[in-house]
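The values are calculated or read from the model by the stated rules, or taken from the named source; none is laboratory data. Please read all numbers here as calculations on a predicted model, not as lab measurements. As a convention, Cβ positions derive from the backbone with ideal geometry for all residues, glycine included, and neighbour counts pool all protein chains shown.
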Amino acid sequence: MMRKQKGMMSLTISAIILVAALLMSLGSSRSVFYQIKRSHNEILAKQAHWAAEGGLECAITRSFLDADSSLVSDPSYLASDCVNPLGLDSITFTNEFDEIYTIRSSYSSARTATALNRQINFAAKADRAPGAIKTSSDLLVRGSVTVEPPHPGEKLGEIPGVVPKAHYWECVFLRYKNQVRFMAGTTMDNKAFTGALPGGPYGVTGGPYEILKNKDECASSHKTVDLTDLKADVKEDTDISPFEDLFGRPASEWLQVKTSTDPDTKFEQVISTSPSDCGTKVLGAMASNERIWVTGPCDLSTSDFSTVATNSDSMPHGILLVVQNGAVGLYGSLTIKGVLLQFNNSYTPTPSQWNGFDTNLVASLDLEYEADVIAMYPGETTKHDPELATYIQQGALKFTGGQYFDTNGELGIYKSAMNFAYNDDIIDGLYPIKGMGLVEGTWHDF
C-alpha cells in the first residue's frame, strides 16, 4: 500500500513538472511569437519608410533635371518615373510661398502607412565657377597685370591671431581652357582684397563672401606675385564653357538666351555692321535695358564708349554686354560697371576684320607680337598672324563684374595692361541663374 502511494506521488509530481514545463513553453513561445510579429511589423515599417524616402529622392532628382516648377502641378508628373515603379500611393508638391515647395511622398500597405515631407527651392541661387576672367580663347598678355580683387572661391582656413576672425581664401583671378602667355617684361600687382571697396563687392556687410577688407587674405598657394611662378589663382580648366557658366545653359542654346522674354533675363538686341558704330548703338540700347546683345564687330574705343562707362556706373547693376560673331577692340583706361562676354560660335577670323577699328589697336602687332604668337602655335603656321586675334585690348580697362571669352581656339591680346576685378553682386544682378536647392533643415545631409 505504501509502495502504491509513493508511486502515485511520483506520478503527481511528474505531472505537475510537465504541466509547469508546458506552461513555461507556451509562455515562451507566445513571447517568441510576439517578437517575431514585432520584428515583422518593424520590417514592414522600415520598408514603407524607405519606399517613401525613395519617392522623395526620385522626386528631387526629376525636379533637378527639369528645373521647372510649372510641371509639378500635374498629378501625373512623377507617375511613370517614381510613383508606379516604387509602388507609392502618391507624390505631391505643395507651393508654400514663392518657389518653395513641399514634397510629400506617401506609401501604404494592408498593415502600415508612411508619409514623408521635405522642401525644395526652385529658385535657389546657382553657383558660378570662381574666376574674374573665364576664357576658352587663348590669351597673350603684355605690360602689367593688376588684380583688385579676385574671385574669393572657397575658404581655406582661419588666419591665426586676427580679431575679428579673418580667413584665407582660394582666390582665382583667371580660369582658362588652353593657354595663356605672359610676354617678357610683364609685371604683376596682386592687391588681393585690399582693393575691395568698403561695403562691396563681396558683401562685406553680410553678403555671400563676407570678406574683411585688409584682413582676409588669398592663401599663398592661390596668390601669384611673380608671373614666372604662377600659383593656383591662375587655373587651367579644360572643361570650361564660359557661356554656360554665365547663363546656366549650354552654348548650343544661345538663341533661347538671346531671345528670352523674361524681364529678368531679356536682352536688347543690336546689329553692328560697322565697328565704329557699336559704341553709339550700345549707348542707345542702355536707355531701355541693362543687358545688350550685339551681333557683329564692336569697336569700344570711341568717345561714345567713355559715355557708356560713365552711364554704367549709375545703373543698378551696370551692363551685361554680349558681342557675338565679331572682333572686339577696347582702347582706353576705363572702368565699366558690368560684364563682357565675347561669343563666337560661327566666326572665321581674317586680318581684314580689323578694318574700321581704331588704328591704335592693331598698330605694331606684327612687329611686337608675332614672335610670341608663333611661340604659342609653333606647328600651326595658319595662326601666326597676330591680326587673326579676335579680341584686342589696349589700356588699363576693366569690367567690374568680370570678362568672359567663349571663342574656343581663337586668340585675345592684351597690349598694355590686364586688369582683373570681380563683383559677385553685379554679375548676379545682371543675370540671375536659378538652380534647384534643398531647404535647409528639411532634408537629410548624409
Fill in the blank from the handout: Scanning segment 43-76 for residues that are over 25 Å from the mean Cα position of the chain (by Cα) and under 13 Å from residue 88 (Cα atoms) gives 47, 48, 49, 50, 51, 52, 53, 54, 55, 76
Practice task
Spot the failing condition for residue 80; the list is (1) more than 30 Å from residue 414 (Cα to Cα); (2) among the polar types (S, T, N, Q); (3) under 29 Å from the mean Cα position of the chain (by Cα), and only one is missed.
Solution key: (3)
Handout entry: Filter result for the condition that a residue is surrounded by fewer than 22 Cβ atoms within 10 Å (Cβ to Cβ) and either in contact with a Ser or Thr (Cβ under 7 Å, 6 or more places away or on another chain) or in contact (Cβ under 8 Å) with a residue 40 or more places away in the chain (or both), over 338, 332, 379
Key = 332
Problem - Residue pairs meeting the criteria (Cβ under 7 Å; at least 6 apart or on separate chains; first closer than 13 Å to residue 57 by Cα, in segment 92-118; second among the aromatic types (Phe, Trp, Tyr) and assigned to a strand (DSSP E or B)) - result: 103/93
Practice task
Could you tell me whether any residue of segment 384-397 is in contact with a Pro (Cβ under 9 Å, 6 or more places away or on another chain), in contact (Cβ under 8 Å) with a residue 12 or more places away in the chain, at positive phi and small (Gly, Ala, Ser)?
Solution key: no
Handout entry: Residue that is surrounded by the most Cβ atoms within 10 Å (Cβ to Cβ), among those in segment 219-269 that are charged (D, E, K, R) and closer than 20 Å to residue 141 by Cβ
Key = 233
Practice task
Consider only pairs whose beta carbons are under 6 Å apart and that are at least six residues apart or on different chains; among these, list those whose first residue lies in segment 239-266 and is touching a residue at least 12 places away in the same chain (Cβ under 8 Å) and at negative phi and whose second residue is of a type in the set (Val, Ile, Thr) and in a helix (DSSP H, G or I).
Solution key: 247/257
Practice task
Would you mention how many residues in segment 355-367 are without any contact (Cβ under 8 Å) to a residue 40 or more places away in the chain and closer than 20 Å to residue 418 by Cβ?
Solution key: 3
Handout entry: Candidates 312, 301 - the one that is polar (S, T, N, Q), more than 29 Å from the chain's Cα centre (by Cα) and assigned by TED's automatic domain parsing to the domain that holds residue 400
Key = 301
Exercise for the section: Name the single residue, out of those in segment 104-113 being surrounded by fewer than 22 Cβ atoms within 10 Å (Cβ to Cβ) and modelled with pLDDT of 85 or more, that is farthest from residue 182 (Cα to Cα). Expected result: 108
Fill in the blank from the handout: Within segment 130-187, residues of a type in the set (A, V, I, L, M), modelled with pLDDT of 80 or more and in contact with a strand residue (DSSP E or B) (Cβ under 8 Å, 6 or more places away or on another chain) come out as 132, 133, 139, 140, 141, 145, 156, 159, 172, 174, 180, 183
Practice task
Would you check which residues across segment 97-138 are among the polar types (S, T, N, Q) and farther than 26 Å from residue 251 by Cβ and list them?
Solution key: 102, 105, 106, 108, 109, 112, 114, 117, 119, 121
Exercise for the section: Among what's in segment 272-292 and is of a type in the set (S, T, N, Q) and either within 30 Å of the chain's Cα centre (by Cα) or outside any loop (DSSP other than H, G, I, E, B) (or both), pick the residue that is surrounded by the most Cβ atoms within 10 Å (Cβ to Cβ). Expected result: 280
Exercise for the section: Could you tell me which residue of segment 293-322 is surrounded by the most Cβ atoms within 10 Å (Cβ to Cβ), considering only residues that are aliphatic (A, V, I, L, M) and farther than 17 Å from residue 427 by Cβ? Expected result: 300
Practice task
Can you give me the number of residues within segment 284-325 that are among the acidic types (Asp, Glu) and touching a residue at least 40 places away in the same chain (Cβ under 8 Å)?
Solution key: 2
